[in-house]
Amino acid sequence: MKKIILLIGLCVAVFSGAKAIGTAHYNVIPKPRVMVLPDASPFTLKATTRISYPDGDADLQRVAGMLSDYINQSCGLQLSVTTDKRGGHLIKLRRDTKSLPAEGYRMTVESSGITISGGSAAGVFYGVQTLRKSLPLANGEVSMPAANIIDRPRFAWRGMHLDVGRHFFSVEFVKKYLDIMSLHNLNTFHWHLTEDQGWRIEIKKYPLLTQVGSKRKQSLLEDGSENGDGTPYGGYYTQEQIREIVKYAADRFITVIPEIDMPGHMMAALAAYPELGCTGGPYDVEYHYGVFKDVLCVGNPKSIQFAKDVLSEVMDLFPSHYIHIGGDECPRDRWKECEKCQNLVKSMGWKDEPGRSAESRLQSYFLSEMEKFVNARGRSIVGWDEIMEGGLTDKVTVMAWQNEMRGIQAAQQNHDVVMTPIAYLYLSNRGYAELEGTKGLRRVYEFEPAPDTLSESVRNHILGVQCCLWSEHILTTERAEYLVLPRIAALSEIAWCDRKNFDNFLTRLYPLTALYDRLHYTYQRHAFDVTPTFTVDSVHHNLALSLFALGNRPIYYTTDGNNPSSYTSIYKQPLTFVKSCLFKAQVINGSDTSRLYKENIEISKSSFCPVTLKDAPHQKYQGHGAITLCDGLRGTTNYNTDRWLGFIGKDMDLTIDLRSVQQVSSVVVSTDVYKSDAIFGATKMEVWSSDNGKDFTQVAEKNIPELTRDDRNGLYEHRLDFTSIQTRYLRVVVKGTPDLGEWTAWPHTPGFLFVDEVSVY
């Protein structure tokens with residue numbers, strides 16, 4: 001999609017030809033802390049401009065070379081790099097350790113030249129990124145308006161994660177990923193190197209980890225079943241390749257944090273060395289996704305030594321202060337049955353306690369052993385928030401993924417914390433990736449890692465923030481880029497800036513995505529589409545719709561099923577709906593035309609009526625409350641939208657006040673199924689009626705077959721017809737799957753039930 005570059009306060013012109021002049025802007029992401037634009041003569045960037053660095057400063061020499069390449073990418077000018085500071089037309093790179101923090105920078109643009117000072121080489125590099133992102137995409141000279149910019153980051157840890165265990169990514173792509181990070185001022189690369197589905201790092205003492213553990217027989221089909229594709233899959237990084245990537249990252253002032261996930265998520269390691277498991281195997285490298293019972297045998301001294309040996313080689317490869325040891329999603333099932341593990345439990349005198357089994361102490365024991373081992377080598381461990389369950393010192397850094405409250409609790413216990421809550425910052429979540437318009441960006445942008453409501457001491461323990469990219473369903477590098485961009489820009493701003501403004505952020509996204517195009521990055525273009533906002537008006541018994549498009553571009557719409565055009569209605573104010581229709585909307589602005597948005601609005605007798613739920617849905621999946629089920633809007637296959645209510649271990653039990661006595665003969669309920677995320681369908685449906693809202697009589701019921709391994713994912717509509725009745729109140733009960741089968745990753749546990757529209761006819 002071609003876009004018009006929207007500018008705030010400055011004009012950006014794009015011209016062709018060697019001598020054409022474009023004008024720079026400073027509408028960059030992340031937004032600089034202080035920016036003053038004096039009324040003074042600009043600096044002209046041209047082919048004779050030179051980039052200077054202090055003689056003997058190898059880091060700034062490298063940064064100067066990068067800046068030369070960046071300018072060539074944007075403007076077609078190849079500037080020379082020199083230590084000679086004589087003469088004019090210089091871009092000077094220098095250190096200022098006295099007045100600037102380590103990652104802070106100052107950029108001064110005057111008619112005589114540009115000076116970028118940093119508290120360290122990293123600070124200079126971030127100043128260079130600001131200059132880079134300010135350049136127009138023009139072939140020729142550039143006018144740089146006079147400017148004084150002073151900036152520094154909010155958080156020390158500004159991270160991106162990449163899972164290479166489920167799907168392997170080449171060295172070339174990892175470098176590209178690091179380039180994307182550096183463009184957005186991020187400084188920490190969390191590299192998830194081991195998983196049940198593949199061991200991706202060469203460990204010389206244990207060669208079978210890569211000879212066996214890096215390969216699986218097949219991968220899971222993407223058709224929603226639990227079947228494999230029959231194609232062997234594998235890949236790993238040699239130690240030489242890892243050193244190459246670590247250096248590439250360091251050259252861009254990015255620290256690589258390696259993760260060896262243990263004692264759970266170890267199926268690939270157990271397949272290579274089955275004696276390290278509680279049962280002795282045999283084990284296979286998994287191709288399914290989920291949580292598996294077979295884990296390291298913590299009661300076996302060989303397993304402890306294995307983990308230490310692996311970490312020893314990891315620490316030789318990675319100079320980072322932090323070593324990530326996982327610690328998440330580790331079932332205790334095998335430990336309860338294992339003689340060696342039970343002997344350790346007995347020897348330590350551990351007993352079951354309220355809310356804590358004796359076996360849970362085995363995980364704490366294992367992680368404590370790893371902590372001592374890593375600490376003895378001058379490093380520190382970081383782990384997922386399950387490591388908080390006990391036995392670790394306050395020196396352990398906690399990565400809060402389940403929710404932000406876990407991070408706050410860890411900080412209150414004097415742990416340093418990195419915030420990466422799944423509900424906001426898991427970019428691989430397909431649901432959040434496909435939200436309409438700017439909603440996906442907003443979800444990341446509006447997360448606050450360290451709210452003002454926390455005490456200063458607690459906030460000081462929050463090191464920073466990170467997005468995660470898990471690769472279960474990422475089959476190509478293009479898909480990985482698509483999931484990251486441009487939401488990484490939102491991450492950049494919440495990691496760097498103290499004060500945020502989403503609307504202003506969106507205006508600065510335009511020139512940044514133009515640079516994405518120049519760099520041939522694959523990115524989501526949702527932000528340039530129509531963003532809808534629906535609101536139920538229970539008082540006036542209707543559905544209201546507001547539409548938004550970046551840059552106040554014209555939105556045309558229809559309600560008759562035809563596609564919009566410049567001759568159909570133009571959106572000027574919120575719309576209301578009381579009848580069913582097929583609504584379509586689109587930005588139509590010459591070449592700047594968005595994708596078509598469409599919504600099938602289905603109004604039934606239950607729409608917009610007062611509704612109550614017997615039991616609240618799961619806290620993560622509450623939609624807009626009970627009215628979500630009767631708002632005239634059907635959910636898509638994306639269960640992460642606010643169209644769905646999610647229940648687990650509870651029925652969906654809804655009472656509808658039809659406002660007056662109505663004749664009804666049918667109830668239709670929609671459910672969403674996504675088996676690999678433990679989301680299963682309905683198993684029973686009941687309809688009850690009442691005249692007073694208190695005393696109900698059952699009208700009809702039907703049993704629904706439980707889903708099998710071979711059943712598809714997606715939407716299921718359940719219709720219950722019955723003899724016509726007159727009633728005011730209806731109670732609709734939908735039961736989920738109470739006991740998932742052995743073929744699932746969660747046997748003998750209840751499945752999620754996701755319900756959307758409950759329509760009455």
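Against the test of being touching a Ser or Thr at 6+ places or on another chain (Cβ under 9 Å), among the acidic types (Asp, Glu) and farther than 30 Å from GLU103 by Cα, the options GLU202, GLU222 yield a single qualifying residue, GLU202. Please work out if GLU369 is of a type in the set (Asp, Glu), free of Cβ contacts under 8 Å to residues at least 40 places away in the same chain and in the same structural domain as PRO331 (by TED's automatic domain parsing). Here the answer is no, as GLU369 does not meet what is asked.
Scanning the range 443-458 for any residue that is under 14 Å from the mean Cα position of the chain (by Cα) and within 29 Å of GLN197 (Cα to Cα) turns up at least one such residue. Residue count for the range 441-478, restricted to those that are out of contact with any helix residue (DSSP H, G or I) (no Cβ under 8 Å at 6 or more places or on another chain) and within 15 Å of TYR426 (Cβ to Cβ): 1.
Can you find, within the range 731-761, the residue that is farthest from ILE656 (Cα to Cα) among those that are among the charged types (D, E, K, R) and surrounded by fewer than 22 Cβ atoms within 10 Å (Cβ to Cβ)? So, considering only residues that are among the charged types (D, E, K, R) and surrounded by fewer than 22 Cβ atoms within 10 Å (Cβ to Cβ), the one farthest from ILE656 (Cα to Cα) is GLU742.
Looking only at the range 623-637, filter to residues that are part of a helix (DSSP H, G or I) and of a type in the set (A, V, I, L, M); which one of those is surrounded by the most Cβ atoms within 10 Å (Cβ to Cβ)? Only one residue fits best here, namely LEU629.
Quick grid of which residues meet (1) assigned to a loop (DSSP other than H, G, I, E, B); (2) hydroxyl-bearing (Ser, Thr, Tyr); (3) surrounded by 18 or more Cβ atoms within 10 Å (Cβ to Cβ); (4) in contact (Cβ under 8 Å) with a residue 24 or more places away in the chain:
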site	(1), (2), (3), (4)
SER591	yes, yes, no, yes
SER594	yes, yes, yes, yes
ASN600	no, no, no, yes
ASP615	yes, no, no, yes
HIS618	yes, no, no, yes
TYR621	yes, yes, yes, yes
TYR639	yes, yes, yes, yes
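Find the residue count for the range 653-676, including only residues that are of a type in the set (Gly, Ala, Ser), farther than 30 Å from PHE292 by Cα and buried (at least 17 other Cβ atoms within 10 Å of the Cβ). Reasoning before the result, please.
The initial filter retains those residues of the range 653-676 that are of a type in the set (Gly, Ala, Ser), namely 660, 665-666, 670, 676.
Then drop every residue that is not farther than 30 Å from PHE292 by Cα, which leaves 660, 665-666, 670.
Still in the list and also buried (at least 17 other Cβ atoms within 10 Å of the Cβ): 670.
Residues flagged as of a type in the set (Gly, Ala, Ser), farther than 30 Å from PHE292 by Cα and buried (at least 17 other Cβ atoms within 10 Å of the Cβ) within the range 653-676 amount to 1.
In summary, no strands (runs of 3 or more DSSP E) completely within the range 526-575 bear 2 or more residues that are closer than 27 Å to THR612 by Cβ, over 33 Å from the mean Cα position of the chain (by Cα) and of a type outside the set (Ser, Thr, Tyr).
The numbered conditions (1) of a type in the set (A, V, I, L, M); (2) touching a strand residue (DSSP E or B) at 6+ places or on another chain (Cβ under 8 Å); (3) under 23 Å from ASP196 (Cβ atoms) are all true for MET315 except (3). Considering only residues of the range 115-160 that are assigned to a helix (DSSP H, G or I) and out of contact with any Asp or Glu (no Cβ under 9 Å at 6 or more places or on another chain), which is surrounded by the fewest Cβ atoms within 10 Å (Cβ to Cβ)? Taking the candidates together, the pick is ARG132.
Quick check on this structure: which one of ILE260, ILE245 is modelled with pLDDT of 95 or more, closer than 22 Å to THR188 by Cα and outside any helix (DSSP H, G or I)? Before the answer, list the steps.
On the way: ILE245 fails: outside any helix (DSSP H, G or I).
So the residue among ILE260, ILE245 that is modelled with pLDDT of 95 or more, closer than 22 Å to THR188 by Cα and outside any helix (DSSP H, G or I) is ILE260.
Among the candidates VAL345, VAL398, VAL314, the residue that is surrounded by 18 or more Cβ atoms within 10 Å (Cβ to Cβ), out of contact with any Cys (no Cβ under 7 Å at 6 or more places or on another chain), in the same structural domain as HIS461 (by TED's automatic domain parsing) and under 25 Å from LEU208 (Cα atoms) is uniquely VAL314.
Would you confirm whether any residue within the range 253-263 is surrounded by 15 or more Cβ atoms within 10 Å (Cβ to Cβ), without any contact (Cβ under 8 Å) to a residue 60 or more places away in the chain, under 23 Å from ILE203 (Cα atoms) and among the aliphatic types (A, V, I, L, M)? Full working, then the answer.
Filtering the range 253-263 for residues surrounded by 15 or more Cβ atoms within 10 Å (Cβ to Cβ) gives 253-263.
Narrowing the set further to residues that are without any contact (Cβ under 8 Å) to a residue 60 or more places away in the chain leaves none.
No - not one qualifying residue is present in the range 253-263.
Taken over the range 175-201, the criterion of being in a helix (DSSP H, G or I) and charged (D, E, K, R) is satisfied by LYS175, LYS176, ASP179. Among the residues making up the range 677-695, those that are crowded, with 18+ Cβ neighbours inside 10 Å and either touching a His at 6+ places or on another chain (Cβ under 9 Å) or farther than 18 Å from ASP710 by Cα (or both) are GLY681, ALA682, MET685, GLU686, VAL687, TRP688, SER689. For ALA423, the test of being of a type in the set (A, V, I, L, M, F, W, C) and within 30 Å of TRP350 (Cβ to Cβ) is failed.
Residue-by-condition table, conditions (1) touching a residue at least 24 places away in the same chain (Cβ under 8 Å); (2) of a type in the set (Asp, Glu); (3) in a loop (DSSP other than H, G, I, E, B):
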site: GLN73; (1), (2), (3): yes, no, no
site: GLN78; (1), (2), (3): yes, no, yes
site: VAL81; (1), (2), (3): yes, no, no
site: GLY88; (1), (2), (3): yes, no, yes
site: LYS92; (1), (2), (3): yes, no, no
site: LYS98; (1), (2), (3): no, no, yes
site: GLU103; (1), (2), (3): yes, yes, yes
site: ARG106; (1), (2), (3): yes, no, no
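Restricting to strands (runs of 3 or more DSSP E) lying wholly in the range 644-725: which have 3 or more residues that are of a type in the set (A, V, I, L, M), touching a residue at least 40 places away in the same chain (Cβ under 8 Å) and not assigned by TED's automatic domain parsing to the domain that holds LEU221?
Numbers: elements: 645-648, 652-673, 684-690, 697-703.
Counting at least 3 such residues, we get 652-673.
Contact map, the range 351-364: residues that are β-branched (Val, Ile, Thr) paired with residues that are part of a helix (DSSP H, G or I) and modelled with pLDDT under 90, Cβ distance under 9 Å, separation 6+ or inter-chain. No pairs are found.
I'd like to know if the range 405-418 contains one or more residues that are farther than 30 Å from GLY391 by Cα and among the β-branched types (Val, Ile, Thr). Checked the range 405-418: no residue is farther than 30 Å from GLY391 by Cα and among the β-branched types (Val, Ile, Thr).
So which residues in the range 440-469 are assigned to a loop (DSSP other than H, G, I, E, B), in contact (Cβ under 8 Å) with a residue 12 or more places away in the chain and closer than 19 Å to VAL398 by Cβ, if there are any at all? PHE447, GLU448, PRO449, ALA450, LEU454, HIS461, listed by residue number.
Test LYS584 against the criterion of being crowded, with 18+ Cβ neighbours inside 10 Å and basic (Lys, Arg), and give yes or no.
Details: crowded, with 18+ Cβ neighbours inside 10 Å: yes; basic (Lys, Arg): yes.
When the stated conditions are applied, LYS584 passes them.
Checking THR637, THR593, THR559 one by one, the residue that is of a type outside the set (Phe, Trp, Tyr) and under 30 Å from THR737 (Cβ atoms) is THR637 and no other. Taking the range 273-299 on its own, how many of its residues are without any contact (Cβ under 8 Å) to a residue 60 or more places away in the chain and surrounded by fewer than 21 Cβ atoms within 10 Å (Cβ to Cβ)? So the answer is 7.
Here is a check on your reading of the model: is ILE570 in contact (Cβ under 8 Å) with a residue 12 or more places away in the chain and buried (at least 19 other Cβ atoms within 10 Å of the Cβ)?
On the way: in contact (Cβ under 8 Å) with a residue 12 or more places away in the chain: yes; buried (at least 19 other Cβ atoms within 10 Å of the Cβ): no.
Spelling it out, it is not the case that ILE570 is in contact (Cβ under 8 Å) with a residue 12 or more places away in the chain and buried (at least 19 other Cβ atoms within 10 Å of the Cβ).
Applying the selection to the range 317-336, what residues are on the phi > 0 side of the Ramachandran plot and surrounded by 17 or more Cβ atoms within 10 Å (Cβ to Cβ)? Across the range 317-336, the qualifying residues are GLY326, GLY327.
The values are calculated or read from the model by the stated rules, or taken from the named source; none is laboratory data. As the structure is a computational prediction, the values presented were derived from the model and not from experiment. Positions of Cβ are backbone-derived with ideal geometry, glycine not excepted, and every protein chain shown enters the neighbour counts.
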